[in-house]
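Undergrad: One structure coming up, written as structure tokens, with questions to follow.
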Amino acid sequence: MNYSDHRPGLKARAATAALAFSTAFAVVSLGLAAVMGSPAQAGVMADAVRDALKMRLPKTPIDALTCEGFGGLCEVVSGSTLFYVDASARYLLVGRLYDMEARRDVTAGRLLELNPDLIAAGAARAGGESKAQDEGPANAVPTNVDLAKLPAEGAVRWGNPTGPKVVVFSDFHCGYCQRLTGELSKAGVQVEERPISIFGAKSRALSEAVLCASDPATALHAAYAGEAPKPRSGCKPKGLDANEAFAKANGFNGTPVLVRASDGAVLQGYRPASEIRRFLGLALNKGGQ
């Protein structure tokens, strides 16, 4: 006789236990996702990590610590040193952190903020490191480009007309590009945005619609908000092919890419307003923007 015949409730109890375990696991997973996704909860997590670090590294000063935006890790600043730890402060990483979606060296950007004297272009090769040492997952991009090769067409101009000029290569389906527009506005700079089609035909069609709108700058922000701009009838935008060719020639395989108009210096990936201002040679306001 089968054992289950003697214990008719065993399967039911086992199924109930499995369901309870699955539910608990899902709740824990959702809780962790909430911690990583909510700035407020990330702040609570940062406090816990700070306390754990004080116990594990009592002689290491912690000047800044944040757990938001690093894929489950926390960034720790100690003097001019930058490192990363997990949520339990058990594992510590010293090295370069790369954002594969934004195609940028996250560590290089933060090192620029901590050490303003560094001239960072691309992945901060000006810091004295060789190309081999600084090679990241993304294709190599030159530290400077010649903007004179671009035509006047193919760009949307917006922002502060009296501020320093930055040329931005973007894709309207790129989430980091959308976030960057807010930081560019905060930085108070003059923007020349040149769309390229990282996401293919759908991006190309949206770029054409933006450039053919009666007010391209308004259409640009509408496109980032998920709205479809209405192009002028019969309009055939110029310059997009030139944007694509320029991006390909210079290895711009991801967006956004910022180029300083004054000298063609390149800065890859999403950047906060403070870093954009520093890149363009602007003094920081008291508020840090």
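Undergrad: Net charge within 12 Å of TYR224 by Cβ-Cβ distance, Lys/Arg positive one each and Asp/Glu negative one each, not counting TYR224 itself?
TA: My count for the surroundings of TYR224 gives -2.
Undergrad: So, by mean Cβ neighbours within 10 angstrom, what's the order for 82-92, 65-75 with the highest one leading?
TA: 65-75, 82-92
Undergrad: Quick one: if the Förster radius is 35 Å, what FRET efficiency do THR162 and SER78 give, using the C-beta to C-beta distance and rounding to 0.05?
TA: 0.35
Undergrad: Separation between the ALA217 and ALA205 pseudo-spin-labels, each 7 Å from Cα along Cα→Cβ, expressed in nm?
TA: Each label point is offset 7 Å from its Cα along the Cβ direction, giving 2.9 nm.
Undergrad: Could you tell me which of rounded, prolate or oblate describes the range 125-279, using a ≥ b ≥ c as the square roots of the eigenvalues of the alpha-carbon gyration tensor, with rounded for a/c under 1.5 and, failing that, prolate when a/b is larger than b/c and oblate otherwise?
TA: prolate
Undergrad: Also: Going highest first, how would you order 49-57, 150-158 by mean Cβ packing within 10 Å?
TA: 150-158, 49-57
Undergrad: Right, here's the next one. Please sort 226-232, 258-264, 161-167 by packing, taking for each peptide the average over its residues of neighbouring beta carbons within 10 angstrom, highest first.
TA: Per-residue Cβ counts within 10 Å, averaged per peptide and sorted highest first, yield 258-264, 161-167, 226-232.
Undergrad: Further question: Give me the number: length gained by fully extending ALA225 to ASP47, i.e. 0.36 nm times residue separation minus the C-alpha to C-alpha distance, one decimal in nm.
TA: 60.7 nm
Undergrad: 7 Å from Cα along Cα→Cβ at both VAL94 and LEU57: what's the point-to-point distance in nm?
TA: 0.9 nm
Undergrad: Follow-up. What residues have an amide H closer than 5 Å to that of VAL189, excluding those fewer than 5 places away on the same chain, when H is modeled at 1.01 Å from N in the peptide plane?
TA: Distant-sequence amide H within range of VAL189: ASN160.
Undergrad: Add +1 for every Lys or Arg and -1 for every Asp or Glu among the other residues with Cβ under 9 Å from the Cβ of VAL189, and state the total.
TA: Net local charge, VAL189 excluded: +2.
None of the figures in this text is laboratory data; all of them are computed from the coordinates on show. None of the values given here were measured: they were computed from a predicted structure. Cβ: placed from backbone, ideal geometry, glycine included. Neighbour counts: every protein chain shown.
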